[in-house]
Amino acid sequence: MEWPSSGSRSGGKPPRTPPTGEEECYDDVDEHKLVTIGVCALEKKACSKPMKEILGRLLSFGDFEAVIFGDDVILNDPVTSWPKCDVLISFYSQDTETDKAFPLAKAHEYAQMYPHMYVINDLEVQNDLLDRRRVYEILKDHGIQTPPHVIVNRDENNNVVGEEFIEGEDYVQLGSDVVHKPFVEKPVCGEDHNVCIYYPHSVGGGMKQLFRKRNDRSSEFCTGCNNVRRDGSYIYEQFLRTAGTDVKVYTVGPDYAHAEARKSPTVDGRVQRGKDGKEVRYPVLLSPAEKETARRVCLAFRQGVCGFDLLRCKGRSYVCDVNGWSFVKKSVKYYEDAAGVLRTMILT
Ligand SMILES: Nc1ncnc2c1ncn2[C@@H]1O[C@H](COP(=O)(O)OP(=O)(O)OP(=O)(O)O)[C@@H](O)[C@H]1O
Ligand SMILES: [Mg+2]
């Protein structure tokens, strides 16, 4: 597929010829005006394989043209000179390799300039996605179950703010709320993936550190690491026993959700890969209650395209992470569904 270069436009139809003056009705011309979809995201995401697959299918319907803003425009140009669009695909990402971070406030300012533009993923709420505390608060406000947790806030001198925090051998306590080991310790920053799990004395103690996948590893166990971190603010939550799998859910609008399961990094830290080197994924059917959760997550965070993690434990499902814009990789069925659903969302 041909892909538009930064700032260029490409559509599903050949360019229209200008009116000659002999047309019966000029309205015909407007009726066929292409809807402009702006893709305002860091190039690594805007030009990723799933984005190309889905946008390519969207354009082939013949109703749309696409404008890829490009990193230079996004990072260096003032919003007043950003391209004008009818629909906006825009989302935060951070590229640790190049140290580029998407300028969320700038994109929000741009979106506010065009109140009639259809923004698929609300930019203001994307700030909340960067803070796990806000994510859990929003989930709670919308009646969505999260793992039982306490939030330990510290100030710039690393002193606990608010209720008294106590650490015992097998528990942490904030005020009167106790969380027993095994528990999960998450940095409040949603972009910080240094999540730790602490085990009780009865099974030998220790801690498992999770991290972004490196080759075939996703976690390491540390014997003798029994004390929690005190260098910032953390969430402590009950470790929910699943069947060793995470359920990853991907919404496209409130009524469509694709789900798949993967081995949890908490099992043994070894990433399960197939012959093609890709992580093994298991098909999952969501229960009616889980579909309702997907709908609520999508609406609560005003993120049309939204990925989140579900933990299935003792017949219930809990949301432990909401990631915002996220496409399923390597699924032709999903690419086709997503393009069709997005078309309907945009045109109706
Ligand atoms: N309360 C919990 N109980 C059991 N396992 C948990 C719990 N919270 C998180 N996990 C496990 O830890 C993993 C990482 O947690 P989480 O998704 O919150 O962190 P993250 O670093 O934001 O992940 P991501 O890479 O998806 O952004 C989950 O995929 C799940 O396997
Ligand atoms: Mg996650």
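Taken together, the values in this text are just the output of simple stated rules run on the coordinates, not laboratory data. Keep in mind that what you see is a predicted model, and the values were worked out from it rather than measured. All Cβ positions, glycine included, derive from the backbone under ideal geometry; neighbour counts span all protein chains shown.
Computed quantities for the displayed model
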| read-out | value |
| --- | --- |
| Taking the chain and dividing mean pair separation by its residue count, relative contact order in percent (alpha carbons under 8 Å, at least six apart) | 15 |
| Cα gyration tensor shape for region 96-138, rounded if a/c is under 1.5, else prolate or oblate | oblate |
| Simple label model, 7 Å out from Cα along Cβ direction - residue 114 to residue 32, nm | 2.3 |
| Added length on full extension, which subtracts the Cα-Cα distance from 0.36 nm per residue, residue 299 to residue 255 | 14.8 nm |
| Degrees, to the nearest 10: 104-113 long Cα axis against longest axis of the chain | 40 |
| Degrees between helix 49-60 axis and first principal axis of the chain (Cα, 0 to 90, nearest 10) | 30 |
| Residues 275, 181, sorted so that the one with the fewest Cβ neighbours within 10 Å comes first | 275, 181 |
| Least to most buried among 90, 317, 218 (fewest other Cβ within 10 Å first) | 317, 218, 90 |
| Residue order, fewest to most surrounding Cβ atoms within 10 angstrom, among 319, 125, 328 | 125, 328, 319 |
| Nearest 10 degrees, 0 to 90: helix 288-300 Cα axis against the chain principal axis | 70 |
| Region 55-160: trypsin sites (Lys or Arg not before Pro) falling in loop per DSSP and having at most 12 other Cβ within 10 Å | 84 |
| Shape of region 149-238, Cα gyration tensor, a/c cut at 1.5 | oblate |
| CD proxy at 222 nm, helix term only [per DSSP H run n ≥ 4: -39500 (n - 2.57); per residue of the chain; nearest 500] | -6500 deg cm²/dmol |
